[in-house]
Amino acid sequence: MAGNAHAIPPIQVLLAGRTAALVRLTCKPGMRPALLDLFNNYMDRLGEEPGTEIYTLSIDPDSDNLVWLYQIFANDEAQIEHQQAVALADVIPAMQNLLDGPPAILRMSPLRLALQETVLDDDFDL
């Protein structure tokens, strides 16, 4: 799209001081739909965690047994509050019955976010 005179620049945000995690969840065979339901219900409660600023739920296109979470927290304290949240405590026991091993967690320090505003225009009935 280089040279597109009508291009709208993305929203740009510096993420200094925030923490992030990329989490890989390996489901038992056939359990991914149940795990997705569990996390979709959990995500409906993210308003209870104001320090959890971004939370994405993704499926792996190459494996029917993998689910990925990407989370950005306002700071270390917000990440600890997330780990102690009632909504997440409701997820943990059910999640353990669906997983084939413990979650793999990669901690990160995010630096910058660019977001095309058009993604916010999508009309989803959640």
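The values are calculated or read from the model by the stated rules, or taken from the named source; none is laboratory data. Nothing here was measured: the structure is a model prediction, and the numbers come from that model. Don't worry about glycine lacking a Cβ; one is built from the backbone with ideal geometry, like all the others, and counts go over all protein chains shown.
Residue pairs whose Cβ atoms lie under 8 Å apart, sitting 6 or more positions apart in sequence or on different chains, and linking a residue in the range 35-51 that is within 22 Å of Leu99 (Cα to Cα) to a partner that is in a loop (DSSP other than H, G, I, E, B), are Asp44/Leu126.
Would you point out which residue out of Pro29, Pro102, Pro61, Pro9 is in a loop (DSSP other than H, G, I, E, B), at pLDDT below 95 and either of a type in the set (Asp, Glu) or loosely packed, with under 14 Cβ neighbours inside 10 Å (or both)? Exactly one residue qualifies, and that residue is Pro9.
For the range 12-26, taking the residues that are surrounded by 12 or more Cβ atoms within 10 Å (Cβ to Cβ) and of a type outside the set (A, V, I, L, M, F, W, C), the one that is nearest to the chain's Cα centre (by Cα) is identified as Arg24.
Among the residues of the range 39-56, those identified as more than 13 Å from Leu69 (Cα to Cα) and of a type outside the set (D, E, K, R) are Asn41, Leu46, Gly47, Pro50, Gly51. Take Asp90 and decide whether it is part of a loop (DSSP other than H, G, I, E, B), more than 23 Å from Leu15 (Cβ to Cβ) and out of contact with any helix residue (DSSP H, G or I) (no Cβ under 7 Å at 6 or more places or on another chain). Against the criterion (part of a loop (DSSP other than H, G, I, E, B), more than 23 Å from Leu15 (Cβ to Cβ) and out of contact with any helix residue (DSSP H, G or I) (no Cβ under 7 Å at 6 or more places or on another chain)), Asp90 does not qualify.
Reported count of residues in the range 83-126, each being among the hydrophobic types (A, V, I, L, M, F, W, C) and under 22 Å from Thr26 (Cα atoms), is 13. For the structure I just gave you, tell me whether Leu38 is within 22 Å of Ala89 (Cβ to Cβ) and assigned to a helix (DSSP H, G or I). Here the answer is yes, as Leu38 does meet what is asked. No other residue among Gln79, Gln96 is assigned to a helix (DSSP H, G or I) and modelled with pLDDT under 95 apart from Gln96.
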